[in-house]
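Participant: Dropping a structure here in structure tokens format, bear with me for questions.
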Amino acid sequence: MINDILNQYKPVASEEVIHWEWVGGAEDFPGDAGACVKYKGLQVAVFNFTRIGKWYACQNLCPHKMEMVIARGMIGEAGGIPKVACPMHKQNFSLEDGSCMTTDLPALATFPVKVVDGQVFVGFNI
């Protein structure tokens, strides 16, 4: 059952996007923090990393505790890699590729983000 939930989340590369979902205006997302959006039953954490001028999106599901909490995690950098720390157990995940930077936990699925005229879109292949 746990694997069934995790298997719902698959990473999407920019070249695999078949649909860009509008998730809100840039002003709707807090700076240097995350917010959760839903798409077809998936919960996706969207991060406006204003300190470095980039946007990121990944699954909101923590692969360790199986709770929808990643959007509440603190973001920062480790070795120049943008990361989010799960608020439940403080494991760090790369916002670039979803890999766990601190243990051998499964990677988070990541999704491309684009901002057009102040509107934020997340890319999906479903």
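Participant: Give the calculated FRET efficiency between Met101 and Asp28 to the nearest 0.05, with a Förster radius of 35 Å applied to their Cβ-Cβ distance.
Facilitator: Values: r = 28 Å, r/R0 = 0.81.
Once the sixth-power term is evaluated, E becomes 0.80.
Participant: Let me ask something else. How many lysine pairs in the stretch 2-124, separated by 8 or more positions in sequence or lying on different chains, have Cα atoms less than 18 Å apart? Mind showing how you got there, number by number?
Facilitator: Numbers: Lys10/Lys38; Lys10/Lys40; Lys38/Lys114; Lys54/Lys83; Lys54/Lys114; Lys65/Lys90.
Counting lysine pairs in the stretch 2-124 gives 6.
Participant: If you don't mind, there's one more thing I want to ask. At 7 Å along Cα-to-Cβ for each site, give me the label-to-label distance between Met88 and Lys38 in nm.
Facilitator: 1.9
Participant: Could you work out which residue, out of Phe29, Phe47, Phe111, moves most in a Gaussian network model of the chain, that is, has the largest mean-square fluctuation with Cα springs under 10 Å?
Facilitator: Maximum among the listed residues: Phe29.
Participant: Turning to a different aspect of this structure: Mind checking which of Pro82, Pro11, Pro30 has the largest fluctuation in a GNM of the chain, springs on alpha carbons under 10 Å?
Facilitator: Pro30
Participant: Follow-up. Please give the calculated 222 nm ellipticity per residue for the chain, where each DSSP H segment of at least 4 residues contributes -39500 (n - 2.57) and the sum is spread over every residue; nearest 500 deg cm²/dmol? Walk me through the numbers on the way to the answer.
Facilitator: Numbers: 1 runs with 5 residues, N = 126.
Only helices count here, giving -1000 deg cm²/dmol.
Participant: Moving on. Among Ala85, Ala13, Ala35, whose mean-square fluctuation peaks in a Gaussian network model of the chain (Cα, cutoff 10 Å)?
Facilitator: Ranking Ala85, Ala13, Ala35 by mean-square fluctuation puts Ala13 first.
Participant: Quick one: compute the contact order of the stretch 42-102, relative version, from alpha carbon pairs under 8 angstrom and 6+ residues apart, as a percent.
Facilitator: 22
Participant: Quick one: grab Rg to one decimal and Dmax as a whole number for the chain, Cα atoms only, in Å.
Facilitator: Cα only, the chain: 13.4, 41 Å (Rg, Dmax).
Participant: Put a dot 7 Å past each Cα toward the Cβ at Trp20 and Ala78; how far apart are the dots in nm?
Facilitator: 3.2
Just so you know, all these numbers are worked out from the coordinates, no wet-lab data involved. It should be emphasised that the depicted structure is a prediction, and the values quoted were computed from it without experimental measurement. Glycine gets a Cβ as well: all are built from the backbone with ideal geometry, and neighbour counts include every protein chain shown.
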